[in-house]
Amino acid sequence: MHELGVTFYILKDVKKVAEENDVKKVNYVTVEIGEVSTVIHDQLIDCWNWARKKEEVTKETEMRIETLEAVTYCEDCKGEYRTVEYGKTCPYCGSEHTYLLRGNEFNIKEIGVDDDT
């Protein structure tokens, strides 16, 4: 379960940003997770809810998850298609000369605080 390791990286980055901006309490953190990133949302939330309590600045921080659609590109017909639905084989021309354009990302998109923190 690599979600715990990912959680500690998020926690470290959120804490660093909070310190750099003299923030005492972070209200939420929004992460973007690609459909084929292998990060399991429910497990990430469970890990976050456990780990956030280890730092004062994140004790009550909510994690929000946005899913990024996975898209694959076909080198033969130059088409783009939904990876999860069709896999490696292009639905337009049947080629397997394809590669993932996006959908395996994991980003911290936003760290939210109240104006008075």
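Please compute, for the alpha-carbon atoms of the range 5-49, the extent along each of the three principal axes and give them in descending order in Å.
For the range 5-49, the Cα spread along each principal axis is 35, 18, 17 Å.
Roughly what angle does helix 3-20 make with the longest principal axis of the chain, taking Cα atoms, 0 to 90 degrees, to the nearest 10?
Approximately 50 degrees, to the nearest ten.
Send over a whole-number figure in Å² for the accessible area per residue of the chain, probe 1.4 Å.
61 Å²
Can you give the local net charge around His97? Use residues other than it whose beta-carbon is closer than 13 angstrom to its beta-carbon, Lys and Arg +1, Asp and Glu -1.
So the environment of His97 carries a net charge of -1.
Ignoring everything but the protein chains, give the 1.4 Å probe accessible area of Val113 in square angstrom, nearest 10.
For Val113, the solvent-accessible surface is approximately 60 Å².
Among all the lysines, which ones have a C-alpha under 20 Å from Lys78's C-alpha, if same-chain residues fewer than 8 places away are not counted?
Filter leaves Lys88.
Can you pull out the trypsin sites (Lys or Arg not before Pro) in the range 36-98 that DSSP calls coil and that have at most 13 other Cβ atoms within 10 Å?
Of the trypsin sites (Lys or Arg not before Pro), the ones in loops of the range 36-98 whose Cβ has at most 13 other Cβ atoms within 10 Å are Lys59, Lys78, Lys88.
Ordering His41, His97, His2 by how much accessible area each has at a 1.4 Å probe, largest first, what is the list?
His97, His2, His41
Please determine, in degrees from 0 to 90 and to the nearest 10, the orientation of helix 41-51 with respect to the longest principal axis defined by the Cα atoms of the chain, where the helix direction is its Cα long axis.
Result, in degrees: 20.
Keeping all protein chains in place and using 1.4 angstrom, which order do Glu60, Glu105, Glu80 fall into by accessible surface area, from largest down?
Glu60, Glu80, Glu105
Calculated from DSSP H runs of 4 or more alone, at -39500 (n - 2.57) each and per residue, what is the 222 nm mean residue ellipticity of the chain, nearest 500?
-8500 deg cm²/dmol
For the chain, which semi-axes, largest first and in whole Å, follow from the square roots of 5 times the eigenvalues of its Cα gyration tensor?
Semi-axis lengths for the chain are 37, 14, 10 Å.
Using a probe of 1.4 angstrom, how much of the accessible area of the chain is carbon and sulfur, in percent?
Of all accessible area on the chain, carbon and sulfur atoms account for 46 percent.
The values are calculated or read from the model by the stated rules, or taken from the named source; none is laboratory data. Given the structure is predicted, the values throughout are model-derived calculations rather than measurements. Cβ: placed from backbone, ideal geometry, glycine included. Neighbour counts: every protein chain shown. In case anyone asks, the SASA skips ligands and DNA or RNA and just uses the protein heavy atoms, side chains included. Shrake-Rupley method; radii C 1.70, N 1.55, O 1.52, S 1.80 Å.
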